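The values are calculated or read from the model by the stated rules, or taken from the named source; none is laboratory data. Since we're looking at a predicted model, the values are computed, not measured. As a convention, Cβ positions derive from the backbone with ideal geometry for all residues, glycine included, and neighbour counts pool all protein chains shown.
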Amino acid sequence: MHGPGRGRFDFQFDLPARCAEALARGEAQIGLVPCAEIERLGLEFLPDLGIACEGAVRSILLFSKKPFREIRTLAVDSSSRTSVALARILLRERFSVQPQLTEQAPELDRMLAESDAALVIGDPALHLDPAALPWQWLDLGAEWTSWSGLPMVFAAWAGHGQVLAERGVRQAFVESWQWGREHLEEIVSLAQAERGFPPDLARDYLTHHIQFELTPRHLEGLALFRRLVREMDCSGT
């Protein structure tokens, strides 16, 4: 919108899961898509950029009233299928539980009133101070890296191959990221003003927790995650 490629693309802003739905319906050609959806929709993705972390991500938090090995029910905000799949994978692999899922609005007290645990993602998670709350909690970015030894990629710029292969498309996204990196303080100020985050939280999130450039290690982590999602879907768990 603001960098060297401004005017080339028409933008529509929505939740990650709805971005995937727009691509599936042909309402968009390229979208920032949850990685759990890429294969299901038969999409390809640009390998240079995405939304990733290596360690704590801060915006994907799992809270529990019980010890994690005793979780039987999990309330989830379904705005990103990747976060839900990640929670299921980590609960299965690290704590040997496969809870029943229910979709609810991201209101933590209400979620935990009706379920053993709750998954809160995105802005609602960032507006919480997990250390100040009475429940056990996990940062799923940190848990993934601890368990796998690899970064976690949550979303990537995806579309059908012929669109992504059009001349200059890949370079436009790389140049946009380079421009954004040079104007990061402006972006931090905008996030603070538009979303009501404290300045230190916005800066820490955008400069420390979230990674945008994808390295071979990120792609290795993404390949592992996609394989685990396939196995989970095939087994019906």
Of Glu37, Glu54, the only residue that is acidic (Asp, Glu), modelled with pLDDT of 95 or more and in contact with a strand residue (DSSP E or B) (Cβ under 9 Å, 6 or more places away or on another chain) is Glu54
Taking region 108-122 and keeping residues under 18 Å from Ala87 (Cβ atoms) and either among the acidic types (Asp, Glu) or touching a Cys at 6+ places or on another chain (Cβ under 6 Å) (or both) leaves Glu114, Asp116
### Message
Can you find a residue that is in contact with a helix residue (DSSP H, G or I) (Cβ under 7 Å, 6 or more places away or on another chain) and outside the structural domain of Gly221 (by TED's automatic domain parsing) anywhere in region 104-111?
### Response
yes
Scan region 145-155 and give yes if some residue there is of a type outside the set (Asp, Glu), within 15 Å of the chain's Cα centre (by Cα) and part of a helix (DSSP H, G or I), otherwise no.
yes
Note: among Glu21, Glu37, just one is surrounded by 16 or more Cβ atoms within 10 Å (Cβ to Cβ), free of Cβ contacts under 8 Å to residues at least 12 places away in the same chain and acidic (Asp, Glu), namely Glu21
Matching residues in region 166-216 (modelled with pLDDT of 95 or more, assigned to a helix (DSSP H, G or I) and closer than 17 Å to Leu46 by Cβ) number 1
